[in-house]
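Student: For reference, the structure I am asking about is given below.
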Amino acid sequence: MRTTYCGLVSEALLGQTVTLMGWAHRRRDHGGVIFIDLRDREGLVQIVCDPDRPDMFTTAEGVRNEFCLKVVGKVRSRPEGTHNANLVSGSVEVLCLELEVLNPSVTPPFQLDDENLSETTRLTHRVLDLRRPTMQKNLMLRYKVAIEVRKFLDKQGFVDIETPMLTKSTPEGARDYLVPSRVHDGAFFALPQSPQLFKQLLMVAGFDRYYQITKCFRDEDLRADRQPEFTQIDIETSFLTEQEIRDITEAMIRTVFRKAMGVELPVYEQLSYAEAMHRYGSDKPDLRVKLEFTELTELMRDVDFKVFSTPATTPGGRVAALRVPGGGEMSRGEIDGYTEFVKIYGAKGLAWVKVNDIAKGREGLQSPIVKNLHDAALAEILKRTGAANGDLIFFGADKAKVVNDALGALRVKIGHSEFGRNHGLFEDKWAPLWVVDFPMFEHDDEDDRWVAVHHPFTAPKDGHEEFMTTDPGKCVAKAYDMVLNGWEIGGGSVRIHRADVQAKVFEALKIGPEEQKVKFGFLLDALQYGAPPHGGLAFGLDRIATLMTGADSIRDVIAFPKTQRAQCLLTGAPSLVDEKQLRELHIRLRNPQPAA
């Protein structure tokens, strides 16, 4: 029906007659001549309707925003001085010869070029929101990413194999979405949190290079980079080392950025988990922010200031400093604002010191806490942080997790702020990073047991197997995350393929034989049949697309996302179902609630 897309009409088509299909983005009546900006997924082109064709002109007079139109016209140059350099079609226009309204539109609830729409409005009218050029570009870029992933992996010998959406409930950290079985009374399927167990089974089955771009489901609290259903680029290999897996997946991401965006990613830095936490308080540090922690725990052991000395002498406690060059310019109000901010992360407060004149020692420092620290401690703080006149030093003192979370978030907030950008604390660039050598286990103080940091099938570093029974906290895993600009875009590990090592992991996690059989029996049975060494990595397609587009949320790169309350405003899901459906599923609601 059409000869080309609106957004692809260019000088190459000058003098040619084209047939276009699209939507009226904007109509302008200039006293006898009507201009229509016709839009499709590739962009806009200007249509000129002259009154010398009365039937066509009468139709044009009735066109309104979002009418679906067919235009037959001749491509010509725009008059001098009216070119639009922002459009592919910006130097040409189409003189309309025939105009047909394929379908009129009611008045839209908002203008598509309105940049101040609430997210509620956008998600309620998602179909119209998706017509906006920004959203069209976002989803087209997401498509390019998926295509380039498939091309790369195909060349590397990977095979795309689907895994089940209805499977067994094997909780992996988040809550499962459960699906009741109509046939099996009282039994439930679960939607997969990831294809983890099935991709390991595929390795045992001999498909040594598997991948899948697939949906995953987790019933967890939501935020900007999470959705109840999300898309994962899932990769698993056999007979490759930890380093070889990282090399091939890094090459994939580099290729995707180059092909989809024309971006050459710089050299990847590599940090151990321990170093990342030590320097940045985060296992996904944003390396664009030029601020680092200074360790002060040992130094604060002998000070009289209990706020510092108590965590410094308590197992699992930490005292750290964050020097902000030029931060002495901050007002007390700004500092109080940051104090309230860190409380979100469990900090009780935020100690600080302004360095006015370092040569004057104690007298050159401004802070409510200076009087509580002896001269030697103050001098060492200034030396270790590298403080200079005009700097501000923030302190975190609490359990290590609280310090890391609070100061880590403060580091990013200051770096991204107008102050941080104006003072050279932020560099606008692509900052890729590998974080490696994650701990195998972390201690759950509430239940007084060790739990797996990733999952119970992650392999320990060679030589660390004995730690699983003697000191699980020392055991390091063959696990790795790829981080980009402060977002974890992918993570994975080498898996356990030997029964004796797997037994030690279950022992450390206090998962007995019966629980092993109930939760993972089918995988453990399969691993007995000559399971090969294997490992892999899963990338978040939504997160990668979000970073590429510069969007604030992964909802802006998903066609039909859920809200932060896990609702679809477009369809009204989740919704109540009738009693007949519930009876067929053998379900009775204990406390029926009206639909939200």
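Student: I'd like the full set of residues that are open to solvent by less than 20 Å² (accessible area, probe 1.4 Å) and on the phi > 0 side of the Ramachandran plot, limited to segment 286-321.
Tutor: Listed by number, the list is empty, since nothing qualifies.
Student: Something else about it: Would you check which residues across segment 1-14 are open to solvent by 70 Å² or more (accessible area, probe 1.4 Å) and farther than 13 Å from L95 by Cα and list them?
Tutor: Hits for segment 1-14 are M1, R2, T3, L8, E11, A12.
Student: I would also like to ask the following. Just to be sure I understand, how many residues within segment 163-200 are of a type in the set (V, I, T), without any contact (Cβ under 8 Å) to a residue 24 or more places away in the chain and within 11 Å of F217 (Cβ to Cβ)?
Tutor: 1
Student: Could you pull out the residue among T58, T17 that is over 26 Å from K137 (Cα atoms), of a type outside the set (A, V, I, L, M, F, W, C) and surrounded by 14 or more Cβ atoms within 10 Å (Cβ to Cβ)?
Tutor: T17
Student: Just to check your reading of the model, which residue among Q227, Q232 is within 30 Å of D176 (Cβ to Cβ), touching a Lys or Arg at 6+ places or on another chain (Cβ under 7 Å) and of a type outside the set (S, T, Y)?
Tutor: Q227
Student: What is the one condition in (1) surrounded by 21 or more Cβ atoms within 10 Å (Cβ to Cβ); (2) under 20 Å from A274 (Cα atoms); (3) modelled with pLDDT of 90 or more that M468 does not satisfy?
Tutor: So M468 meets the others, but not (3).
Student: Listed residues R332, R258, R254; which is within 24 Å of L410 (Cα to Cα) and open to solvent by 30 Å² or more (accessible area, probe 1.4 Å)?
Tutor: Unique residue meeting the criteria: R332.
Student: Report yes if some residue within segment 103-110 is farther than 22 Å from L87 by Cα, surrounded by 15 or more Cβ atoms within 10 Å (Cβ to Cβ) and in contact (Cβ under 8 Å) with a residue 12 or more places away in the chain; otherwise report no.
Tutor: Yes, that holds for at least one residue.
Student: If I go through segment 61-74 residue by residue, how many of them are open to solvent by less than 50 Å² (accessible area, probe 1.4 Å) and either among the acidic types (D, E) or farther than 21 Å from V106 by Cα (or both)?
Tutor: Here the count works out to 3.
Student: Considering only segment 271-285, state which residues are at negative phi and either modelled with pLDDT under 95 or not in a helix (DSSP H, G or I) (or both).
Tutor: The answer is L271, S272, S282, D283, K284, P285.
Student: Would you check if S194 is assigned to a loop (DSSP other than H, G, I, E, B), farther than 30 Å from W23 by Cα, among the small types (G, A, S) and in contact with a Cys (Cβ under 8 Å, 6 or more places away or on another chain)?
Tutor: Considered against the rule, which asks whether it is assigned to a loop (DSSP other than H, G, I, E, B), farther than 30 Å from W23 by Cα, among the small types (G, A, S) and in contact with a Cys (Cβ under 8 Å, 6 or more places away or on another chain), S194 comes out as yes.
Student: Here's a follow-up. Restricting attention to segment 368-399, which residues are small (G, A, S) and surrounded by 20 or more Cβ atoms within 10 Å (Cβ to Cβ)?
Tutor: Across segment 368-399, the qualifying residues are A387, G396, A397.
Student: If you don't mind, another one. Can you name the residue in segment 20-46 that is over 40 Å from the mean Cα position of the chain (by Cα) and among the hydrophobic types (A, V, I, L, M, F, W, C) and is also surrounded by the fewest Cβ atoms within 10 Å (Cβ to Cβ) among such residues?
Tutor: V33
Student: Between a residue in segment 136-162 that is of a type in the set (V, I, T) and any residue that is not in a helix (DSSP H, G or I), which pairs come within a Cβ distance under 7 Å, given they are 6 or more apart or on different chains?
Tutor: What qualifies is V149/I213; V149/I233; V159/F207; V159/R209; V159/Y210; I161/F207; I161/Y210; I161/Q212.
Student: Still on this model: What residue, of A388, A397, A376, is out of contact with any Gly (no Cβ under 6 Å at 6 or more places or on another chain) and within 22 Å of F426 (Cα to Cα)?
Tutor: Sole residue among the options that is out of contact with any Gly (no Cβ under 6 Å at 6 or more places or on another chain) and within 22 Å of F426 (Cα to Cα): A388.
Student: Just the residues that are outside any loop (DSSP other than H, G, I, E, B), within 15 Å of the chain's Cα centre (by Cα) and not aliphatic (A, V, I, L, M), please, taken from segment 218-262.
Tutor: E229, F230, T231, Q232
Student: Still on this structure: Has segment 443-460 got any residue that is open to solvent by 40 Å² or more (accessible area, probe 1.4 Å), free of Cβ contacts under 8 Å to residues at least 60 places away in the same chain and in contact with a helix residue (DSSP H, G or I) (Cβ under 8 Å, 6 or more places away or on another chain)?
Tutor: Looking through segment 443-460, at least one residue is open to solvent by 40 Å² or more (accessible area, probe 1.4 Å), free of Cβ contacts under 8 Å to residues at least 60 places away in the same chain and in contact with a helix residue (DSSP H, G or I) (Cβ under 8 Å, 6 or more places away or on another chain).
Student: Now a separate question. Scan L202, L178, L197, L153 and give me the residue that is open to solvent by 70 Å² or more (accessible area, probe 1.4 Å) and of a type in the set (A, V, I, L, M).
Tutor: L178
Student: Just to be sure I understand the filter: pairs with C-beta atoms under 7 Å, separated by 6 or more residues or on different chains, first member in segment 371-399 and within 23 Å of S331 (Cα to Cα), second member in a helix (DSSP H, G or I) and open to solvent by 50 Å² or more (accessible area, probe 1.4 Å). Which pairs pass?
Tutor: L378/R362; L382/I358; A387/I358; A388/I358; N389/I358; A397/V307
Student: Scan the helices (runs of 4 or more DSSP H) fully inside segment 478-596 and keep the ones with 1 or more residues being open to solvent by 60 Å² or more (accessible area, probe 1.4 Å).
Tutor: 499-508, 513-527, 579-584
The values are calculated or read from the model by the stated rules, or taken from the named source; none is laboratory data. Source: prediction; values computed, not measured. Cβ atoms come from the backbone with ideal geometry, glycine included; neighbour counts cover every protein chain shown. Heads up: the accessible areas ignore ligands, DNA and RNA and are worked out on the full protein's heavy atoms, side chains in. Shrake-Rupley method; radii C 1.70, N 1.55, O 1.52, S 1.80 Å.
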